[in-house]
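S.K.: Encoded as C-alpha cells, here's the structure I'll be asking about.
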Amino acid sequence: MKKIPFNKPSFTGLELEYIKSSVLSGKISGDGLYTKKCHDLMERVFGAKKVLLTTSCTHSLELASILIDLKEGDEVIAPSYTFVSTVNSFMLRGAKPVFVDIRLDTKNIDESLIEEKITSKTKAIVPVHYAGVSCNMDKINDIAKKHNLYVVEDAAQGVNAMYKNNFLGTIGTFGCYSFHETKNFICGEGGALVINDERFIERAEIVREKGTNRSKFFRGEIDKYTWVDIGSSYLPSDVLAAFLYAQLENMDKINSIRKNIFDRYYKGLHDLEKEGKIQLPVIPHDCVSNYHMFYIMLENEIQRNDLINHLKQQGITSVFHYVPLHSSPMGLQLGFKEGDLPVTENISRRLLRLPFYNDMTEEEQDYVIDSIGSFLRGKVLLSKELAS
Ligand SMILES: *Cc1c(COP(=O)(O)O)cnc(C)c1O
C-alpha cells in the first residue's frame with residue numbers, strides 16, 4: 001500500500017554546504033555570518049525595517065510581549081482557533097487572553113467582532129494569518145490606532161505571503177515568523193521577529209541578548225557590554241541560520257512548488273465542492289497566499305473523522321486542528337466555556353488538512369484526491385454501517 005505522510009521536511013540541496021561553511025567560519029554561536037545573511041535577505045525582500053532571527057516563533061511572540069511592557073492583568077485580543085503560542089507567550093508576562101471568533105471564509109479573526117472586546121486593559125491585538133492568508137489588516141490597524149493598541153502579527157504560517165502590497169509580518173507593530181520543520185521555509189526550530197516601529201529596535205536587540213547590550217559591543221559602538229534590561233536567550237546558532245539561508249534563498253522556487261500543489265488539490269476537488277459535498281479554502285482578492293496548507297471543510301465532525309479513518313486505511317495521513325484554545329483544558333481552567341465562540345467550534349469540528357509537502361508527486365496527490373472522492377461519493381462504507 002502507498003504511504004503518504006502528512007508532512008515531510010524538504011531541502012533545497014544547499015543546506016549542508018552552508019552548514020559546513022558556517023562551521024568552518026569559526027563562529028557558530030548567534031549573530032554570525034549566516035544570521036546576518038538571513039537578516040539582510042528578509043529586510044530586503046520583505047521591505048522590513050528590522051528582522052532578528054530567534055529560536056522560534058513562540059520566542060518571537062515572547063520577545064514582542066516583553067517589548068510592549070505587558071503588565072499583570074493587561075488584556076490581549078486573539079483568535080481561539082490557533083496554536084497555543086499565540087496566547088501563551090503573552091500570558092507568561094501576566095496578560096489575560098480575550099478571544100474573538102473567526103470568519104467562516106478565511107478562518108481568520110473576525111475583524112468586525114474585535115472592537116466590542118476592547119476594554120481599558122486591552123494592550124494588543126494578535127491577528128493570526130491562518131494558512132498563509134492575511135487577516136483584514138486595514139481594519140485591524142484602524143481599530144488599533146483608534147484605541148492606541150499594539151498589533152503583533154502571528155505570521156508563523158504567513159512568511160512570504162502578502163496583504164495588498166505588503167508582506168505579512170511587516171504590517172503591524174511587530175511580526176512573528178516560524179521556521180519550524182512544518183512551515184514553508186524551515187530550519188528545524190527557528191523564527192524571526194520583524195520590528196516595524198524603529199522605537200523598539202534597540203531594546204529588541206538587548207532583550208534578545210539576555211538583557212545585555214552585546215549587539216552594540218559587536219558593532220564596536222561600546223567597548224564593554226553589560227546588563228541593561230530584562231531579557232533571555234532568543235538567538236539561534238549560526239549553524240541553523242546557515243540551514244535557513246539555503247531555504248530563504250529559494251523562497252520563490254519553494255512558493256511556486258507549493259502553489260502547484262495547492263492548485264492541483266483545488267482543481268481535483270472542485271467537482272466535490274460543486275456537488276455540495278465539501279468546501280474549499282477561500283483566498284480574498286487582496287491577499288496573496290504562500291500556500292502554507294490545503295484544507296477541506298466537511299459536513300460535520302462524524303463525517304470528518306470517518307474520512308480521516310478512511311484515508312488512514314488507504315495509507316494517507318490527514319490531520320485536523322485546532323482544539324480551540326477557549327475549550328481546551330487550559331481554556332476551561334481560565335473560565336472560558338464551550339459555546340463561547342460558535343464559528344470557531346464549528347470550523348474546528350469540520351476542517352481537515354491534507355498531506356502537503358514540497359516533494360509531493362502528482363501521483364501521490366491524485367491518489368489522495370481519488371480517495372476523498374470515492375469516500376464522499378458513497379463508494380465506501382462509513383464506520384456506522386461497518387459496525388452494524
Ligand atoms: C507554528 C505556529 C506557531 C509556533 O511556531 P514555533 O516556531 O514552533 O514556535 C505559532 N503560531 C502559529 C499560528 C503557528 O502555526
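S.K.: What fraction of the Cα pairs in the stretch 263-350, stated in percent, has a spacing above 22 angstrom?
M.R.: On the way: 1530 of 3828 pairs.
Above the 22 Å cut-off, the stretch 263-350 has 40 percent of its Cα pairs.
S.K.: Determine the principal axes of the Cα atoms in the stretch 95-240, then give the extent along each, sorted from largest to smallest and rounded to whole angstroms.
M.R.: Cα extents, longest axis first: 53, 37, 29 Å.
S.K.: A further question follows. Going out from 0 in 20 Å bins, what whole percent of all Cα-Cα distances in the chain drops into each bin?
M.R.: Final binned percentages: 27, 55, 17, 1.
S.K.: If you don't mind, another one. If you take the charge dipole of the stretch 268-338 about its Cα centre, with +1 on Lys and Arg Cβ and -1 on Asp and Glu Cβ, which of HIS310, VAL282, LEU325 is farthest toward its positive end?
M.R.: Of HIS310, VAL282, LEU325, it is LEU325.
S.K.: Taking the number of other C-beta atoms within 10 Å as the exposure measure, put LYS145, LYS36, LYS123 in order starting with the fewest.
M.R.: LYS145, LYS36, LYS123
S.K.: Taking neighbour Cβ counts within 10 Å as the exposure measure, how do ASP238, ASP306 sort from fewest upward? Before the final figure, lay out the partial values.
M.R.: On the way: ASP238 27, ASP306 20.
Least crowded to most crowded, the residues run ASP306, ASP238.
S.K.: I would also like to ask the following. Can you flag which of LYS146/LYS216; LYS71/LYS146; LYS123/LYS183 are past 24 Å Cα-Cα? Write out the running numbers ahead of the final one.
M.R.: On the way: LYS146/LYS216 35 Å; LYS71/LYS146 21 Å; LYS123/LYS183 29 Å.
Pairs exceeding the cut-off: LYS146/LYS216; LYS123/LYS183.
S.K.: What does the extension gain come out to for ASN300 and LYS312, with contour length at 0.36 nm per residue minus their alpha carbon separation?
M.R.: Values: separation 12, 0.36 × 12 = 4.32 nm, distance 1.85 nm.
Taking ASN300 through LYS312 to full extension adds about 2.5 nm, to one decimal.
S.K.: Shifting gears a bit: In whole Hz and in residue order, list the ³J(HN,Hα) couplings for the stretch 181-186 that follow from phi through the Karplus curve 6.51 cos²θ - 1.76 cosθ + 1.60, θ = phi - 60°; x for Gly and Pro.
M.R.: Whole-Hz 3J(HN,Hα) from phi for the stretch 181-186: 3, 8, 9, 6, 10, 10.
S.K.: If you don't mind, another one. Please give the FRET efficiency for ASP40 paired with VAL228, using the beta carbon to beta carbon distance and R0 = 25 Å, rounded to the nearest 0.05. Before the final figure, lay out the partial values.
M.R.: Numbers: r = 26 Å, r/R0 = 1.04.
So, using R0 = 25 Å, E works out to roughly 0.45.
S.K.: Over the residues of the stretch 13-159, compute the C-alpha Rg and express it relative to 2.2 N^0.38 Å. Intermediate results must be reported in sequence, preceding the final value.
M.R.: Values: Rg = 17.6 Å, N = 147, 2.2 N^0.38 = 14.7 Å.
In units of the 2.2 N^0.38 Å rule of thumb, it is 1.20.
S.K.: By what distance, in whole Å, do the Cα atoms of the stretch 103-171 stretch along each of the three principal axes, largest value first?
M.R.: Ordered largest first, the stretch 103-171 gives principal extents of 34, 25, 19 Å.
S.K.: Regarding the stretch 22-89, what's the average projected area of the Cα-atom convex hull, expressed in nm²?
M.R.: Details: hull surface 25.8 nm².
Orientation-averaged projected area of the Cα hull: 6.4 nm².
S.K.: Just want the ordering: THR344, THR122, from fewest to most Cβ atoms lying within 10 Å of their own Cβ.
M.R.: Numbers: THR344 25, THR122 21.
Final ranking by Cβ density, sparse to dense: THR122, THR344.
We did not get these values from a lab; they are worked out from the coordinates using the rules stated. All values reported here derive from a predicted model rather than from experimental measurement. Positions of Cβ are backbone-derived with ideal geometry, glycine not excepted, and every protein chain shown enters the neighbour counts.
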